[in-house]
Each structure stands twice: as C-alpha cells, then as structure tokens.
1. In the structure shown, do any of Lys3/Lys101; Lys20/Lys152; Lys3/Lys162; Lys20/Lys78 have a Cα-Cα gap over 29 Å, and if so which?
2. At q = 0.15 Å⁻¹, what is the log10 ratio I(q)/I(0) for region 77-142, with the Debye formula run over Cα points and no solvent?
3. Taking the mean number of other Cβ atoms within 10 Å as a proxy for protection, how do you rank 72-85, 55-68 from highest to lowest?
4. Quick one: which residues, 5 or more positions from Lys20 or on another chain, have an amide H under 5 Å from its amide H? H modelled 1.01 Å from N in the peptide plane, none for Pro or chain starts.
5. What helices does the chain hold that run 15 Å or longer along their axis, going by alpha-carbon atoms, with a Kyte-Doolittle average of -1.0 or more, using DSSP H for the helix calls?
6. Tell me, what % of the accessible area of the chain is carbon and sulfur with a 1.4 angstrom probe?
7. Translational diffusion coefficient of the chain at 20 °C, 1.002 mPa s, Stokes-Einstein with Kirkwood Rh over Cα pairs, in µm²/s as a whole number.
8. To the nearest 20 Debye, how big is the dipole of region 93-190 about its Cα centre, given +1 on the beta carbon of each Lys and Arg and -1 on that of each Asp and Glu?
Amino acid sequence: MGKILYLMRHGQTLFNARRKIQGFCDSPLTEEGIRQAKVAGEYFKDIEIDHYYSSTQERACDTLEIITDNKVPYVRLKGLKEMNFGKFEGESEDLNPKGPKEYETFFVSYGGESSNAVRDRMVETCTEIMEKEDHKVVLAVSHGGACFNFLKAWQDPAEELKKGFPNCSIFKFEYQDKKFKLLEVIRPKI
C-alpha cells in the first residue's frame, strides 16, 4: 500500500452561497461552511494524519483550522490555490462556460489560468508534498476547481463530476511511484 493523500475542498463561503465566481479572490466561510468543516472534522478524528497543508486562501486555511480544532501546525502553499478566473472573479456563476471542455482556455484571454495550468500546478505541488519521506498520510485543503483539475490528471473525472463535488468533499488518493490513484470520494452527509 502506498501513501495516502486526502485532498479536500473547503467549506461553503459567502461567494459560494451567492453563486459568485471565486478563484484567486476570497470570501469568508458562512455559518454553513463552518458547520460543514466540523462534520468533516468528525470524519478525520480517528485517522492518523502526519502532515497538514492548505491553500494560502483564507477559506481553505479556516476550513483546516476548524477540522483540526486549531491544534496542529500546517503549511500554506500557493500551489494548492484555486484557478485564477481573471476578470470574471466575483462575477455571477451564470457567466461560466457550460462544460469542462469550454473551461480549458476560456479564462486565459481575461487574465486567468487555463485548466491545464491548474492541473499541472496541483500535480507538481501534491507530488512534492507526497515525495517527502516522512509524509505517509497527508491532509491538504484546496478548492473545487483545483481538486477537479488534479483528478483530471489521473482519470476521466466525468463519473465523479456527475455526483458533484459539494463543499468539504474529500478525495482520498493512494500515492505510489509518483502517481495518484483515486480510492474514493467522501461526500460528508451535511
């Protein structure tokens, strides 16, 4: 058995609730988001995690701090940040492209990132984390789009996408020989 990476989406934010595009911009967790993080914390309470990481964004850091009851040190990494949506940041989600294919390069001409750039950044960051010798079971809190693009690097994400990636979804990956294999997606009953 290889190492385990739990890659998790943050709790619900104000922009999630208001259906605003939220990538590099940030908004605080809602009461619901705080509750979701507490539920996720229950999932992790009997799992021995040796290292913790978070995106540098407040919504991810806050989620991790709630899960761990502020009792563990963690490392913040820019490589775990959400996709940059350029000029679309803070705008209505109704303006988003309709499917994953359209997403690939849509935001680049508006100062944002391509989905493949996010995928590559996430793969590089998560690989660097898991290559550390003492990292056997790791929790990293990231974002919906970043998690989706990471999954896309290892398998066709269509089936999992149909089930949805609600806030505080947990992607459990096995890491071995510089490859990640999705074992399951835990969607906490919230």
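1. Numbers: Lys3/Lys101 31 Å; Lys20/Lys152 24 Å; Lys3/Lys162 27 Å; Lys20/Lys78 22 Å.
Among Lys3/Lys101; Lys20/Lys152; Lys3/Lys162; Lys20/Lys78, the Cα-Cα distance tops 29 Å for Lys3/Lys101.
2. Values, matching the q order: -0.56.
3. On the way: 72-85: 18.3, 55-68: 22.2.
Top to bottom by mean Cβ count within 10 Å: 55-68, 72-85.
4. Answer set, sorted by chain and number: Glu93.
5. Details: long enough: 31-44 (20 Å, -0.67); 115-130 (22 Å, -0.26).
TM-like helix candidates: 31-44, 115-130.
6. Details: 4690 of 9420 Å².
Here carbon and sulfur together make up 50 percent of the probe-accessible area.
7. Details: Rh = 16.5 Å.
D, rounded to a whole number, is 130 µm²/s.
8. Dipole about the Cα centre, nearest 20: 340 debye.
The values are calculated or read from the model by the stated rules, or taken from the named source; none is laboratory data. Just so you know, these numbers come straight off a predicted model, no measurement behind them. When we count neighbours, we look across all protein chains shown, and the Cβ atoms used for this are built from the backbone with ideal geometry, even at glycine. SASA here: full protein model, heavy atoms, side chains in, ligands and nucleic acids out. Shrake-Rupley method; radii C 1.70, N 1.55, O 1.52, S 1.80 Å.
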